[in-house]
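*Asks:* Handing you this structure, nothing more for now.
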Amino acid sequence: MRAKLILIGSGEHACVVADAAYSRPDLWHIEGFIDRQPRAPRRGGIGQWLGTDEDLHRIIRRKTTAWFVLGIGGIAPSSTRRDVVRRYSTVGERWASIVHADAHVSPSAVVGKGVVILAGAVVNCGAVLGDHCLINSGAVIEHDVRIGSFAQASPGSVIGGGAVLEEGCYVGLGATVRDHVKVGARSMVGMGAVVVADVPARVTVTGVPAKVYKE
């Protein structure tokens with residue numbers, strides 16, 4: 001039996017998450033979305049507008065069997081996704097993990113709640129994905145990688161075996177993180193960068209090899 005799914009947000013990223021859910025019609029039926037704008041457009045098959053955050057208690061009561069997923073992306077480390085989850089956690093929500101049918105996830109990988117894994121991504125054996133992290137289209141997460149909650153791996157990024165992405169960090173488009181190195185919490189790896197050494201927390205690194213661009 002398919003589960004009911006509610007998206008939080010209605011922007012571009014929400015459409016991609018919806019596409020991943022639609023790739024598994026045996027698992028998910030999209031009920032609609034929650035957004036701050038009452039006239040948010042119905043785009044990308046994300047269903048009908050169900051209300052705003054202020055309507056959450058009413059929505060929970062009406063949709064008692066529904067699951068929620070973040071339809072909010074980003075292009076840098078941000079507290080927005082974390083803040084939304086914290087707000088929703090006060091009303092007993094249930095977080096869905098969505099894996100596109102065209103992604104490969106090893107049976108030995110551990111996938112936390114609220115995780116989204118998009119088309120073409122590879123999550124290899126022994127990898128551990130923390131709650132609400134985002135593995136974008138075509139990203140490669142190699143064996144034994146540890147990814148913290150709310151971290152994001154952008155399209156085409158490659159994370160080498162045994163590497164660690166700490167909580168809330170962001171790896172940009174096409175960037176590469178060498179095996180067995182660590183990217184600190186809430187740091188950003190710039191687009192196309194090649195990380196060959198540990199990155200401290202709360203910095204931005206760019207270039208080949210990657211160096212600190214700013215704190």
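The values are calculated or read from the model by the stated rules, or taken from the named source; none is laboratory data. It should be emphasised that the depicted structure is a prediction, and the values quoted were computed from it without experimental measurement. When we count neighbours, we look across all protein chains shown, and the Cβ atoms used for this are built from the backbone with ideal geometry, even at glycine.
*Asks:* In the list GLY162, GLY192, GLY168, which residue meets the criterion of being farther than 17 Å from ALA121 by Cβ, assigned to a loop (DSSP other than H, G, I, E, B), at pLDDT 95 or above and touching an Asp or Glu at 6+ places or on another chain (Cβ under 7 Å)?
*Replies:* Details: GLY192 fails: touching an Asp or Glu at 6+ places or on another chain (Cβ under 7 Å); GLY168 fails: touching an Asp or Glu at 6+ places or on another chain (Cβ under 7 Å).
Every option except GLY162 fails the conditions.
*Asks:* On to the next question. Only one of (1) under 24 Å from LEU5 (Cα atoms); (2) in contact with a Pro (Cβ under 9 Å, 6 or more places away or on another chain) fails for VAL111. Which number is that?
*Replies:* Every condition holds for VAL111 apart from (2).
*Asks:* Inside the range 122-159, can you point out the residues that are buried (at least 19 other Cβ atoms within 10 Å of the Cβ), assigned to a loop (DSSP other than H, G, I, E, B) and hydrophobic (A, V, I, L, M, F, W, C)?
*Replies:* ALA127, CYS133, ALA139, VAL145, PHE150, ALA151
*Asks:* Tally time: how many residues in the range 1-15 are farther than 16 Å from LEU50 by Cα and buried (at least 22 other Cβ atoms within 10 Å of the Cβ)?
*Replies:* Going through the range 1-15 one residue at a time, the tally reaches 0.
*Asks:* Right, another one. Please go through the range 95-112 and pick out each residue that is buried (at least 16 other Cβ atoms within 10 Å of the Cβ) and not aromatic (Phe, Trp, Tyr).
*Replies:* ALA96, SER97, ILE98, VAL99, HIS100, ALA103, VAL105, ALA109, VAL111, GLY112
A quick yes/no check of all residues on (1) among the hydrophobic types (A, V, I, L, M, F, W, C); (2) modelled with pLDDT of 95 or more:
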position	(1), (2)
GLY92	no, no
ILE98	yes, yes
SER108	no, yes
VAL115	yes, yes
VAL122	yes, yes
CYS125	yes, yes
LEU129	yes, yes
CYS133	yes, yes
GLU142	no, yes
